[in-house]
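Enquirer: This is the structure I have questions about; it appears just below.
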Amino acid sequence: MVEGSGVDVREKGANQQISERRLFMQLQVWTGCPDGKPLVEAMERSRIEGVLYHDVNDPAGVALLTCHEDPAFFASALRGLLAAAPFASLRHRPELTMLGRTYASGFEPDLEDWLLARPRRTVLNPAWPWGIWYPLRRGGAFARLTPQEQGAILREHGTMGRAYGDADLAHDVRLACHGLDTHDNDFVIGLIGRELHPLSHLVQAMRRTAQTSQYLQSLGPFFVGHVLWQSPSR
């Protein structure tokens, strides 16, 4: 909280937990990559934390997911890596770029694990090589609902997601992207798992929820990837 301002931008969890920390995550996508080995070698030399994906819908497509607590990383160390070979020779697809930050809803029993460790564990788990990433934007009607109405809608959505996670079918990464997205989206969602079908099945099942069927203005574009390389878990 900025003293005297009345504005509090800290993350808050259960039992009065408070944190100034959060994780920023960014997905960048390219095409024109017939061989991913030079990218893997470049990432291993860089020691940057992240995931390289093969783009399932583009036989020459690749993507890089990176994360850092300091957003300046994306405009400095990461920028230097991507401006040099082998990334510089690829054709960038900015329409699929996604940038977001972890956030708390106020109910997390272990706030710092939720904000910092859980997203890393999810995307860097070698047992979960599949990923679907997409942005979404809620319609204005959702913001006009009472907090109680919003809570009921979000609980329906969250209960379904947890059921897939408990069955080890799909694990989610939820990022806020207000003001960070070219197309003014609100959130970036990553669905991660062992197999692709359950991830698609979860997206299909979510279409029936009140949030998706009544209160979303836009959903997508979708990136579907299979892991080419992951940095070691820290």
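The values are calculated or read from the model by the stated rules, or taken from the named source; none is laboratory data. A quick note: this is a predicted structure, and the numbers were derived from the prediction, not measured. Cβ placement follows ideal geometry from the backbone for every residue including glycine, while neighbour counts extend to all protein chains displayed. Remember, those area values only see protein heavy atoms, side chains included, never the ligands or the DNA or RNA. Shrake-Rupley method; radii C 1.70, N 1.55, O 1.52, S 1.80 Å.
Enquirer: Filter the range 149-186 for residues that are more than 15 Å from S105 (Cβ to Cβ) and polar (S, T, N, Q) and give the result.
Expert: Residues satisfying the conditions are T182, N185.
Enquirer: Sticking with this one: From the list L169, L115, which one is touching a residue at least 24 places away in the same chain (Cβ under 8 Å), in contact with a Gly (Cβ under 7 Å, 6 or more places away or on another chain) and closer than 26 Å to L216 by Cα?
Expert: Among L169, L115, only L169 is touching a residue at least 24 places away in the same chain (Cβ under 8 Å), in contact with a Gly (Cβ under 7 Å, 6 or more places away or on another chain) and closer than 26 Å to L216 by Cα.
Enquirer: Looking at D172, is it acidic (D, E) and in contact with a Ser or Thr (Cβ under 8 Å, 6 or more places away or on another chain)?
Expert: yes
Enquirer: Grab the helices (runs of 4 or more DSSP H) fully contained in the range 137-234, keeping just those with 1 or more residues being modelled with pLDDT of 90 or more and surrounded by 14 or more Cβ atoms within 10 Å (Cβ to Cβ).
Expert: 147-166, 196-206
Enquirer: If I filter the range 117-136 down to residues being of a type in the set (A, V, I, L, M) and buried (at least 17 other Cβ atoms within 10 Å of the Cβ), which single residue comes out as modelled with the lowest pLDDT?
Expert: L136
Enquirer: With under 28 Å from P71 (Cα atoms) and among the basic types (K, R) as the only criterion, which of R138, R155, R144, R162 stands out?
Expert: R138
Enquirer: Please go through (1) without any contact (Cβ under 8 Å) to a residue 40 or more places away in the chain; (2) open to solvent by 70 Å² or more (accessible area, probe 1.4 Å); (3) farther than 25 Å from D184 by Cα for A85 and return the number of the only condition it doesn't satisfy.
Expert: Evaluating A85 over (1) without any contact (Cβ under 8 Å) to a residue 40 or more places away in the chain; (2) open to solvent by 70 Å² or more (accessible area, probe 1.4 Å); (3) farther than 25 Å from D184 by Cα leaves (1) as the failure.
Enquirer: Output the number of the condition that Y53 fails; it satisfies all remaining conditions of (1) modelled with pLDDT under 95; (2) under 20 Å from L124 (Cβ atoms).
Expert: (1)
Enquirer: Between a residue in the range 49-69 that is touching a residue at least 24 places away in the same chain (Cβ under 8 Å) and over 20 Å from L116 (Cα atoms) and any residue that is among the acidic types (D, E) and in a loop (DSSP other than H, G, I, E, B), which pairs come within a Cβ distance under 9 Å, given they are 6 or more apart or on different chains?
Expert: Once the first residue is touching a residue at least 24 places away in the same chain (Cβ under 8 Å) and over 20 Å from L116 (Cα atoms) and sits in the range 49-69, no partner that is among the acidic types (D, E) and in a loop (DSSP other than H, G, I, E, B) comes close enough.
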